[in-house]
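Take a look at the structure below.
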Amino acid sequence: MRQNRPAGLMGIIFTLAWLASCGGSGGGSGGSSGRNAYLAIPQANAIAAYRVDTSSGDFKSVLGSPFSGGTSPISIAVHPSGKFIYVANQGGNDISLFKIDSNTGELKEVMPRTSAGLNPTSLVMDSGGDLIFVANQTSNNISVFSVGASDGTLTEVQGSPFGTAAKPVALALSPSDQFLYVGSGNLALVFAYSVGPGTGSLLAVPGSPFAVQSAPFALTVDPSGHFLYAANFSANTVSGMTIDSGTGALTLTSGSPFATDKNPISVTVHPSGKFLYVANLGANNISAYTIDTSTGVTTKLTKSPFTAGTEPVFVTTDPSGKFLYVGNQSAKNIFRFAINEDSGGIPTSTIATTTSLSPAALVFGK
C-alpha cells in the first residue's frame, strides 16, 4: 500500500516524535562486533540504521538514526562493498543513494536523487554490485541502472526502462545474476527475463510469463538458484517452481501451489536452502516449511504457523541464518525468532525493536 508524506502541522509533529523515539538509544558503531541493518519507514520518509549483535541478534540504533531520505521509502538494497545503500522511494518516483560511514554506520544521502518510473515498489541488486533493477508499479516497467564502482552513482542503461507486467510489485534475481523474475500485482503470472551480461538489458525468457494461482505479491529464489517461490496473496498459497538453469523457464514443483494462512505477503528461504518462511498478513502469523533441496518440494512444520505481531508485512533472515526477523505493520515493531538449525522451527519470539511508525522493509549489510 502506498504511504505518503504526512501533511500539515500534525503530520510534522507525528514524524518528529518518531524521530525522537528512534534516535534516543543511539551509539551503535560500524566498527563494533556485529553487522549493520537498515529499516525503511515510509510514513517518516526515513531509514533507520542499526548495529546487530551477531550472537544475540539484538538491535542497537546507530548514532543519528533515523536518517531522512525520499518520500515513502519502500525497498532497500545494500551494495556488497558495504559502502552504499539504495532506496526506492515510492512516493517520490526516485532512488536514494546513501553512503555508509565505515566507522560509525551513519548514513549520508548523496543528492540529487535518481529518477525512476512511477511508484517504484521493489528494488534488487546483482551479486557484484554492478546493476540495480527497479519495479515501477504504476508505469508498468523495469528501470535498470549501472552502478559507479568508485562513488556508487547510478546511470540508466541503454533501453531502460523495459516494459513488463501490469502493476509489477515484486522482483527476484537468480544468484547467478542471469535471470530476473517479476511478480504482477494484477495478474496471476510471473514474468521471467534473461539479463544481458554487463549491459543489464532484459529479454523475455521463452515461455514467459508463467502461471501461478493469484497475483504474486512476493518472490524469492533459493540460494542454489534452482527454485523460485511466489506468494499468492488472495489465494492463500505459495507456488513453488523449478528454474531451468539454461533458459530460466519455470515449472511448478510437485504439490504446488501449497497452502499458507491468510494473505501471504512476504516469503524468504533460509541461507541453507532447507527452510521456507511466509508472513501471513491477514492471520498475524508465520508459516514455516522444510524444503527438499533436490526437488524444491515443501513440507509444513508440525507446529506451523507461528504467532507473529499484528499484520506482519515482511519476513527475512540474517545472513548467518541464526535469526528470523518479522516486521509487524500495525504493531509497529520487529520480532526476532531464534531458528532451530536442525528443524527450522521458530518456537519463541522477542521484540528486537519498536518503530512507532509502520516498518516496510529490512535488509542486512556488513
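The values are calculated or read from the model by the stated rules, or taken from the named source; none is laboratory data. Bear in mind that the values here come from a model prediction, so they are computed numbers and not experimental data. Cβ: placed from backbone, ideal geometry, glycine included. Neighbour counts: every protein chain shown. Side chains are part of the model used for accessible areas, which takes the heavy atoms of the whole protein and leaves out ligands, DNA and RNA. Shrake-Rupley method; radii C 1.70, N 1.55, O 1.52, S 1.80 Å.
Tabulated results
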| read-out | value |
| --- | --- |
| Qualifying aspartates and glutamates (Cα of each under 18 Å from Cα of residue 332; at least 8 residues distant if same chain) | 58, 311 |
| Estimated translational D of the chain in µm²/s (Stokes, Kirkwood radius over Cα pairs; 10 °C; 1.306 mPa s) | 78 |
| Fraction of accessible area attributable to carbon and sulfur, the chain (%, probe 1.4 Å) | 52 |
| Residue among 66, 120, 223 with the largest mean-square fluctuation in a Gaussian network model of the chain, springs linking Cα atoms under 10 Å | 223 |
| Residue-normalised accessible area of the chain, given per residue in Å² at a 1.4 Å probe | 38 |
| Spin-label pair residue 53/residue 155, simplified geometry with 7 Å Cα→Cβ offset, distance in nm | 4.5 |
| Set of lysines near residue 108 by C-alpha distance (under 23 Å), chain-local residues within fewer than 8 positions excluded | 60, 83, 99, 366 |
